[in-house]
Amino acid sequence: MTISHVPRRLVLSAGLVVLLAGCTGVATSPSGSVATPSTSASATAPSSAAATGSAPTGLVCTAPASPTLAVTEGPYYKAGAPESTDLVQPGMAGTRLTLTGYVMTTACAPVANAKVEIWQADASGAYDNNGYTLRGYVLTDGQGRFTIQTVVPGEYPGRTEHIHVKVTPPGGTTLTTQLFFPGTTANDDDAIYDPSLLLAISEQGSGLVGTFTFVVPA
Ligand code: FE
């Protein structure tokens, strides 16, 4: 995708607000447009975080929340990826993407120190199966928040744009899933695609911010 596609994505994602209302995206305004983190988010913030006076921003989670849908790992997972907050290498092609969000329990309690590992194709749709390009993990902070810098993946035969993710709470079971981009025509022809796994997309400078809240069993 290119930045020129952003308005279309935003328009389409606005129509998905109802679908996203459970626990899968950034705060949304009453009109349904994708909003920057706002004070409305604090209304649904976990009480433990609110008590600290630093409620998570951009969080929508209503308990009891449904666990995030698990989908196939696919053929390209490779163990041993490094811890890294920035997977973008110098000169790397593609639209910059800040992938961010939360790991929460079904009770909307933040999960700290959860491992959020991603792997994905580059902007041309190719995986690095020899090294660890566009493969890495971060740990969530005390509010259950994670952020990874990457690029928007390209499509490859049979697959729409997607990012693979494994989320592992401390001592917990790993959730394996994939994240998708709203407004991508190829979503409709992808057998793995599920609208509950759509990122909420907003623009930031020349790139995009993709937000998702993972819900794992308590
Ligand atoms: Fe894939």
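Looking at (1) crowded, with 22+ Cβ neighbours inside 10 Å; (2) within 13 Å of the ligand (Cβ to nearest atom), which is the only condition Val116 fails?
Of the numbered conditions (1) crowded, with 22+ Cβ neighbours inside 10 Å; (2) within 13 Å of the ligand (Cβ to nearest atom), the odd one out for Val116 is (2).
For segment 141-187, how many residues are within 11 Å of the chain's Cα centre (by Cα), within 16 Å of the ligand (Cβ to nearest atom) and among the hydroxyl-bearing types (Ser, Thr, Tyr)?
Total satisfying the criteria: 1.
Please count how many residues of segment 197-217 are more than 9 Å from the chain's Cα centre (by Cα) and not aliphatic (A, V, I, L, M).
7
Is there a residue being of a type in the set (Lys, Arg), under 18 Å from Glu73 (Cα atoms) and in contact with a strand residue (DSSP E or B) (Cβ under 8 Å, 6 or more places away or on another chain) anywhere in segment 142-162?
Scanning segment 142-162, I find no residue that is of a type in the set (Lys, Arg), under 18 Å from Glu73 (Cα atoms) and in contact with a strand residue (DSSP E or B) (Cβ under 8 Å, 6 or more places away or on another chain), so the answer is no.
Could you check Tyr102 against (1) out of contact with any Cys (no Cβ under 9 Å at 6 or more places or on another chain); (2) open to solvent by less than 30 Å² (accessible area, probe 1.4 Å) and say which number it fails?
Unmet condition: (1).
Considering only segment 77-99, state which residues are loosely packed, with under 14 Cβ neighbours inside 10 Å and in a loop (DSSP other than H, G, I, E, B). I'd like the intermediate steps shown before the answer.
Narrowing segment 77-99 to residues loosely packed, with under 14 Cβ neighbours inside 10 Å: 78-80, 82-83, 85-86, 89-91, 93.
Matches in segment 77-99: Lys78, Ala79, Gly80, Pro82, Thr85, Gln89, Pro90, Gly91, Ala93.
Quickly run through segment 117-158 and pick out the residues that are within 18 Å of Asn187 (Cβ to Cβ) and out of contact with any Pro (no Cβ under 9 Å at 6 or more places or on another chain). Quick ask: steps written out before the conclusion?
As a first pass, look at segment 117-158 and keep what is within 18 Å of Asn187 (Cβ to Cβ): 120-121, 123, 125, 152-158.
Answer for segment 117-158, where residues must be within 18 Å of Asn187 (Cβ to Cβ) and out of contact with any Pro (no Cβ under 9 Å at 6 or more places or on another chain): Val152, Pro153, Gly154, Glu155, Tyr156, Pro157, Gly158.
Kindly indicate which of Thr168, Thr160, Thr174 is open to solvent by less than 10 Å² (accessible area, probe 1.4 Å), on the phi < 0 side of the Ramachandran plot and among the polar types (S, T, N, Q).
One residue alone meets the criteria, Thr160.
Considering each residue of segment 191-211, count those that are within 16 Å of the ligand (Cβ to nearest atom), of a type outside the set (Gly, Ala, Ser) and open to solvent by 10 Å² or more (accessible area, probe 1.4 Å), and give that number.
3
The values are calculated or read from the model by the stated rules, or taken from the named source; none is laboratory data. What you are looking at is a predicted structure, and each value in this text was computed from that prediction instead of being measured. No Cβ is skipped: glycine too gets one built from the backbone with ideal geometry, and neighbour counts run over all protein chains shown. With ligands, DNA and RNA removed, areas are computed over all heavy atoms of the protein, side chains included. Shrake-Rupley method; radii C 1.70, N 1.55, O 1.52, S 1.80 Å.
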